[in-house]
Amino acid sequence: MAFMTITTIRKFALGSWLWLVLPVYAAAGDGPWMQVIDDQQHHVRVEVRAVPGTGVREFRAYTQVHARLASLVALLEDTEHLPAWMHRVRRVTVLDRSDARQLHSYLVLAVPFPFHDRDTFMKTSLTQDADGTVHLRSESEPGGRGACLDCVRMLQMRNEWILRPGPHHQVDVIFDGMGLPGGVVPDWATNLVVTDLPFGSLRNLHRQVHRHKYEAAQIDGIKESE
């Protein structure tokens with residue numbers, strides 16, 4: 001009968017937990033990108049590169065979606081629904097919305113046993129360039145004790161969604177992030193799963209954005225491509 005040793009179980013648990021420590025960050029990389037996934041079935045491509053001064057990598061993932069910009073923004077800003085399609089997101093609570101383009105939130109990430117869940121406070125901003133490209137940037141910020149008493153605080157996190165419109169409502173979607181995991185986690189283990197988070201998120205995005213409530217969404221201030 002096959003069995004798992006204690007060492008194997010610990011390695012499995014560690015690998016599972018690493019899903020949620022990326023995108024935590026240190027500094028932006030500046031070396032060449034290396035393609036690690038080119039999934040034509042799901043129309044997702046993922047690249048990684050080294051982060052200077054660390055042993056970990058940052059990711060950059062691409063896909064193309066036939067959708068309105070407002071539909072994509074509505075999906076990404078639907079914080080209540082994020083746990084349904086973003087890997088390991090247990091809860092996102094909006095604490096303050098400064099205006100239509102900026103909000104502050106509290107995020108809880110699910111961590112498999114025996115580790116504690118992670119939490120952090122985030123600042124998210126929405127901008128649109130003159131050429132129509134939309135940027136949705138999120139990064140961690142200092143905050144007090146969260147609602148999750150058993151959580152371990154993640155001190156740094158950053159990611160960005162870039163929505164670049166093309167003709168006939170074809171939108172290039174880029175999702176990037178980088179970081180250093182909280183707690184004691186070896187770099188080699190972190191890099192084993194660095195591609196899973198963006199790949200799974202973009203794959204799920206294709207299914208979610210065509211739900212009626214997003215297809216019919218109207219977002220003030222977002223200009224659609226011609």
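The values are calculated or read from the model by the stated rules, or taken from the named source; none is laboratory data. Remember, it's a predicted structure, so these values are computed and weren't measured experimentally. We place every Cβ from the backbone using ideal geometry, glycine too, and count neighbours over all the protein chains shown.
Considering segment 91-102 alone, what residues qualify as being modelled with pLDDT under 90 and in a strand (DSSP E or B)?
Hits for segment 91-102 are Asp96, Arg97, Ser98, Asp99, Gln102.
Out of all the residues in segment 111-131, is one or more closer than 22 Å to Val48 by Cα, at pLDDT 80 or above and touching a Ser or Thr at 6+ places or on another chain (Cβ under 6 Å)?
No, segment 111-131 contains no residue that is closer than 22 Å to Val48 by Cα, at pLDDT 80 or above and touching a Ser or Thr at 6+ places or on another chain (Cβ under 6 Å).
Could you tell me which numbered condition Arg88 fails, if it satisfies all but one of (1) buried (at least 16 other Cβ atoms within 10 Å of the Cβ); (2) at pLDDT 80 or above?
Unmet for Arg88, out of (1) buried (at least 16 other Cβ atoms within 10 Å of the Cβ); (2) at pLDDT 80 or above: (2).
For segment 52-65, state whether one or more residues are of a type in the set (A, V, I, L, M) and over 21 Å from Leu109 (Cβ atoms).
yes
Is there a residue in segment 150-163 that is among the acidic types (Asp, Glu), part of a strand (DSSP E or B) and either within 20 Å of Val92 (Cα to Cα) or modelled with pLDDT of 90 or more (or both)?
For segment 150-163, residues among the acidic types (Asp, Glu), part of a strand (DSSP E or B) and either within 20 Å of Val92 (Cα to Cα) or modelled with pLDDT of 90 or more (or both): present.
Quick grid of which residues meet (1) touching a Cys at 6+ places or on another chain (Cβ under 6 Å); (2) at pLDDT below 90; (3) surrounded by fewer than 18 Cβ atoms within 10 Å (Cβ to Cβ):
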position	(1), (2), (3)
Ser138	no, no, no
Pro142	no, yes, yes
Val171	no, no, no
Asp176	no, no, no
Val184	no, yes, yes
Ala189	no, yes, yes
His212	no, no, yes
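Restricting attention to segment 143-157, does a residue exist that is out of contact with any Lys or Arg (no Cβ under 6 Å at 6 or more places or on another chain) and under 19 Å from Ala61 (Cα atoms)?
The answer is yes; a qualifying residue exists.
For the list (1) surrounded by 16 or more Cβ atoms within 10 Å (Cβ to Cβ); (2) closer than 24 Å to Arg164 by Cα, I need the number of the one condition that Thr127 fails.
(1)
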